[in-house]
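J.: To start, I am sharing the structure in question, which I have written as structure tokens.
The values are calculated or read from the model by the stated rules, or taken from the named source; none is laboratory data. None of the values given here were measured: they were computed from a predicted structure. Reconstructed Cβ throughout: ideal geometry from the backbone, glycine too, with neighbour counts over all protein chains shown. The protein model used for the area step is the full one, side chains on, heavy atoms only, and it has no ligands, DNA or RNA in it. Shrake-Rupley method; radii C 1.70, N 1.55, O 1.52, S 1.80 Å.
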Amino acid sequence: MNLRAQINYWLSLNQSTYEKLALRLTELTGKKYTRGSLNAKLSRGTINVNEFETIAKIFGYKLDVKEIN
């Protein structure tokens, strides 16, 4: 899964921006996020699972891990 594409999809669906997402992440986590810091994490591939889980929650989704048979 391409995390940037998924986040862009959610932003588009919700007519939102990286600035608004960064503000909401800061509110929920207490850690400072900016549009630039989010873009940098996505570019470097250093966004962690907790951050992505919080982003999914902001847009009304949850992560689900399933066993591959």
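J.: Can you tell me how many residues within the stretch 2-23 are under 16 Å from L42 (Cα atoms), open to solvent by 50 Å² or more (accessible area, probe 1.4 Å) and hydrophobic (A, V, I, L, M, F, W, C)?
T.: Final tally of qualifying residues: 2.
J.: Moving on. For a quick check of your reading of the model, give me the residue pairs whose first member lies in the stretch 8-27 and is more than 11 Å from I58 (Cα to Cα) and of a type in the set (S, T, N, Q), whose second is part of a loop (DSSP other than H, G, I, E, B) and open to solvent by 30 Å² or more (accessible area, probe 1.4 Å), with beta-carbon atoms closer than 8 Å and at least 6 apart or on different chains.
T.: Going by the 8 Å Cβ cut-off, the qualifying pairs are T26/K32.
J.: Could you list, in sequence order, the residues of the stretch 39-51 that are more than 16 Å from T26 (Cβ to Cβ) and not polar (S, T, N, Q)?
T.: Selection gives L42, R44, G45, V49.
J.: Another question, if that's okay. For the stretch 1-18, what are the residues that are outside any helix (DSSP H, G or I) and of a type in the set (G, A, S)?
T.: Within the stretch 1-18, just S16 meets the criteria.
J.: Can you find even one residue in the stretch 25-32 that is open to solvent by less than 50 Å² (accessible area, probe 1.4 Å) and under 9 Å from the mean Cα position of the chain (by Cα)? Can you show your working first?
T.: First, the residues of the stretch 25-32 that are open to solvent by less than 50 Å² (accessible area, probe 1.4 Å): 25-26.
If we keep only those that are under 9 Å from the mean Cα position of the chain (by Cα) as well, we get 25.
Yes, the conditions are met somewhere in the stretch 25-32.
J.: Quick one: how many residues across the stretch 43-62 are at positive phi and at pLDDT 95 or above? Working first, answer last.
T.: Applying the first criterion (at positive phi) to the stretch 43-62 yields 45, 60.
Cutting the leftovers down to at pLDDT 95 or above gives us 60.
Looking only at that region, the number is 1.
J.: Could I ask something else about it? Name every residue in the stretch 33-50 that is of a type in the set (A, V, I, L, M), surrounded by 10 or more Cβ atoms within 10 Å (Cβ to Cβ) and in a helix (DSSP H, G or I), in order of residue number.
T.: Applying the first criterion (of a type in the set (A, V, I, L, M)) to the stretch 33-50 yields 38, 40, 42, 47, 49.
Imposing the further condition that a residue be surrounded by 10 or more Cβ atoms within 10 Å (Cβ to Cβ) reduces the set to 38, 40, 42, 47.
Within the stretch 33-50, L38, A40, L42 meet the criteria.
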